[in-house]
Amino acid sequence: MVHRLLAGLTLPALLLPFLLWPVDASAQTGPIVSRDTVSPPSPDLSVPSSKAASRTGSVAAWAPPPATPMITPVRLPRTVRPLPFATAPARNDGIHWGRFAGVTTTLAAGYTGIYLFEKSQWWDGPGAGFTFDSHLNYARNFDKISHLYAGEVQALINARLLEWSGVPQPRAALWGAVTSLAAQTHVEIHDGYSARWGFDWYDQAANTVGATWFYLHDRIPAMRRFDLRWSYYPSNAWLDNLDDRQQEGTMFADDYSGHSYWVSMQVYDLLPGAAGQIWPDFLQVSVGASLHDWTDDTWSRKGPDRGPDPDAYVAYYVSLDLDWRKIIPRNTWLGRSTGDLLNRFHLPFPAIRVYPNPGLHLVFVGQK
């Protein structure tokens, strides 16, 4: 739905001012460096041969000179700042509290603005008791895929912003997933109290899968071989009734006939022999699906009458994608975050339509 996509795509624009803040490299405190104490050499306790026994039978005793410790001072590199003596231990979590306050404040303001927009568009009617309205027939379940995709993108954006503020990556990934799921659950609960909608368990399951997918994708290297992508091109049904759709409160995110969802995979390290060396590491293979001839004439209905369209069908494609993580350098936070975000979108590429009506699209932009 529209609110899932808006939450994922509007927050970067809100946070651009914070990206310009300089990083204080001198604030990072290095380890405590102590002086090295060099142990004195072990004295030779053996008796010199020149000290032979005297005629009286006494032996001349030999004693080593007293050992004096040799202390060598160690110069600290300019990049290491020693801690002052007798002070409280420095924080080692690296959080930039000014950035952290800016990120959390902006996220709260962004989600509040989205909630007010949704309230005026979706929940402006009379309230009702909490109800359930779970169904799997709406838009051939492309609505559920959109929930999953939006949950993953929101989690990615939230996590990368927390990383920028200094939160360690594992913790940022966890809280990115948690905040994304919390925001989408909040929407589902409001739907449950709406007279028009209801709490949809399938929507909530898709929200949970999306947030979980991001966390596993971010923490398990093997899962980063795959990327979930989205592309959009306005459908004829949407353009022909654009004024009516806008008056009804729907937006392009509800134009599921214009949506295509893809799963891309890197293949260069899976190909045998010379093929793996020739294949560019930045080129992925994608498998996608798009919804055709679906008209959103039942979106405002509740219950089993919402969503069925006997003329609608799903088509499947094979295409290519760019792996931006292999193109954009990842040695900075901005480069890594940009590559990760771009990997969530499918660009116009040649595509083979596998089913139904197999064929070739020289440039796939949408269902037209």
F117 - accessible surface, heavy atoms, 1.4 Å probe, Å² rounded to 10: 70 Å²
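Mind ranking Y313, Y261 by accessible surface for me, highest first, 1.4 Å probe? Mind dumping the intermediate values first?
On the way: Y313 75, Y261 20 Å².
Ranked list, largest accessible area first: Y313, Y261.
If you take the beta carbon distance between D281 and V365 as r and set R0 to 35 Å, what does 1/(1 + (r/R0)^6) give as a FRET efficiency, to the nearest 0.05?
Details: r = 26 Å, r/R0 = 0.74.
E(calc), rounded to 0.05, equals 0.85.
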N357 paired with H292, simple spin-label distance in nm, labels 7 Å along Cα-to-beta-carbon: 0.4 nm
Accessible surface of region 155-271 [probe 1.4 Å, protein heavy atoms]: carbon and sulfur percent: 63 percent
Extension gain, T104 back to Y313 (0.36 nm per residue minus Cα-Cα distance, nm): 71.0 nm
Two-site FRET efficiency, T332 against A182, from Cβ-Cβ distance with R₀ of 25 Å, rounded to 0.05: 0.30
Difference of contour (0.36 nm per residue) and Cα-Cα distance, R225 to D240: 1.4 nm
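The values are calculated or read from the model by the stated rules, or taken from the named source; none is laboratory data. Treat the numbers as computed from the prediction; the structure is a model and nothing was measured. Reconstructed Cβ throughout: ideal geometry from the backbone, glycine too, with neighbour counts over all protein chains shown. SASA here: full protein model, heavy atoms, side chains in, ligands and nucleic acids out. Shrake-Rupley method; radii C 1.70, N 1.55, O 1.52, S 1.80 Å.
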